[in-house]
Each structure stands twice: as C-alpha cells, then as structure tokens.
1. Ordering R68, R227 from largest to smallest accessible area (1.4 angstrom probe), what's the sequence?
2. FRET efficiency for L62 and A41, Cβ-Cβ distance as r, R0 = 35 Å, nearest 0.05?
3. Suppose every K and R has +1 on its Cβ and every D and E has -1 on its Cβ; what is the size of the dipole of region 49-102 about the Cα centre, in Debye to the nearest 20?
4. So how exposed is W177, as accessible area in Å² (1.4 Å probe, rounded to 10)?
5. May I ask which residue of I140, F77, F99 lies farthest towards the positive end of the charge dipole of the chain, with charges of +1 (Lys, Arg) and -1 (Asp, Glu) on Cβ and the Cα centre as origin?
6. Report, to two decimal places, the Cα Rg of the chain normalised by 2.2 N^0.38 Å (N = number of residues).
7. Return the distance in nm (one decimal) between the two label points of a simple spin-label model at E23 and R132, each offset 7 Å from Cα along Cα→Cβ.
8. Treat every Asp and Glu Cβ in region 46-169 as -1 and every Lys and Arg Cβ as +1, leave all other atoms uncharged, and give the resulting dipole magnitude about the Cα centre to the nearest 20 debye.
Amino acid sequence: MNVTFDHREPIAKNIVTLWFKPERPVFYVAGQFTEMYLPHAGVDSRGERRWFTLSSSPTDPLLGITTRLAAEDSSSFKKALDLLQPGAPLKLADPMGDFVLPKDTSLPLLFVAAGLGITPVHSMVKWMRDRREERPVHLIYAVSHENELAFLPLFEEFSAKFGMQFTPVVKHPSAGWQGESGSLTTSRILELAGSAFTNSAADENALIYLSGPEPMTETFYKELTARGVPNERLVTDYFPGYIQF
C-alpha cells in the first residue's frame, strides 16, 4: 500500500515513532507487523526493505512504527528513514502476523518485552485502553537504562485506570532508580509473574507473550517449557539484529 510520511514523535533516548498516512483505510489487528519498502540513494548490503511492528493501534488514524535511530553504524536504510520529510511517499505491505490478543478477554496475559520488543505490546495496550477492555494483564519490560523506557505515560495510565500490573526492569540503573534492576532471566520472570501465569494448576489458560531480541526470546521459550509451562500458553515475537538483554 502507498503511504506518505506525516511526522516523527520522540519516545525515548534515540527512539522515535514515525507516523504515516495511508492512501486508503487499513484494517489490521493490534500487534501485527508490516514490511517497509524505502528506495534511497547509496543502498548498502542491507537493502531497501525492513520489517517493522506497527506500534500504533487500529484505533489510531495514522500508522506508526517505532524504531531506534541516530546510531553511528546505522544502515543506509535507517539513515534514509531518519531523513524523511513530511509528504515523502513510500510503500508498506499489508499488515500480517499472529502476535495478537486472544479473543477471550477473561484470559490472564503476561507480556515479557525487552528493548524494541515493547512495540507490539504498546499496540495491544493502546487498543485495550481505547476500547476500555479490562483484561488481567501484567507487563514485565526490560531495558538497559531507564532513559530507554518507551511509552511510559500509556503504561502508567493503563495500570492506574485498568489495573494492569507494570514491572519495568532496568539492567544498569542510575543511583536514583527505585524499581526492579539487573538482568531479566527466566527465573526472574517466574519470580515476578507469580503462580497465575507460571503454574498451570493456577490457570491453565493464562498466556505468556515473549517479545524482544531473537536469542532472548528463544532462551525464555526453551527454559519456560523446560520448567513446565505448556508451549500452547507461550506466544512469541522476535526482533533479529538487536542486542541481548
């Protein structure tokens, strides 16, 4: 589909949401992803296409992707993306993917996200907020430094108004950080989540969503199943090329 770049929105350190206006209404499910085609001069070996989660919600009038920019070793694609001006045309594939909310709103949901793995979770939480869905939700969100925490206003609002349990975990906290700190591991997930999500006897239908760098997601999946969490209760999404947490 054809879209035009509308504007950029700073989200956290070196992280921005880029908003696009589609030429026609787009129907998608919160948590899905798209492929972007961005022709540009001086294309390097990484090419003119990238996969991105739609961090926007279907309730938004524009389509949004959230990404990290301003890295010294950025690809030619990321540099071209950073230079987009309002009105610039480009193409997005129709949204796809099954990292989405279950239709049953009574199911307990545990989101475990690291880094930019938070983007599909943002889409789903915003969808729930806008539709006023009161689901049982716990979000564990890991970053390296607290200035990398994205979408805090939405998560804090959803926690206050709709009862979501929100647990940010900062690997390298500043002296003033008062929340959870250190590395996120499978044992830490089990400790923070509680039996409602990790003990099948407590609720055999509870779902655990894992989203983040590919090695992290694969490790958590293997270790959780090894500890007795049925694989049908695990939903995964991974982001290749990003650092481990």
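1. Order by accessible area, largest first: R227, R68.
2. Working from the Cβ atoms, E equals 0.85.
3. 180 debye
4. Roll a 1.4 Å probe over it and W177 shows about 70 Å².
5. F77
6. So the chain has a normalised radius of gyration of 1.01.
7. Taking the simple label geometry, E23 and R132 are separated by 3.8 nm.
8. About 260 debye.
The values are calculated or read from the model by the stated rules, or taken from the named source; none is laboratory data. Keep in mind the model is a prediction, meaning the values are calculated, not measured. Virtual Cβ from ideal backbone geometry, glycine too; neighbours counted across all protein chains shown. For accessibility, only protein heavy atoms count, side chains too; no ligands or nucleic acids. Shrake-Rupley method; radii C 1.70, N 1.55, O 1.52, S 1.80 Å.
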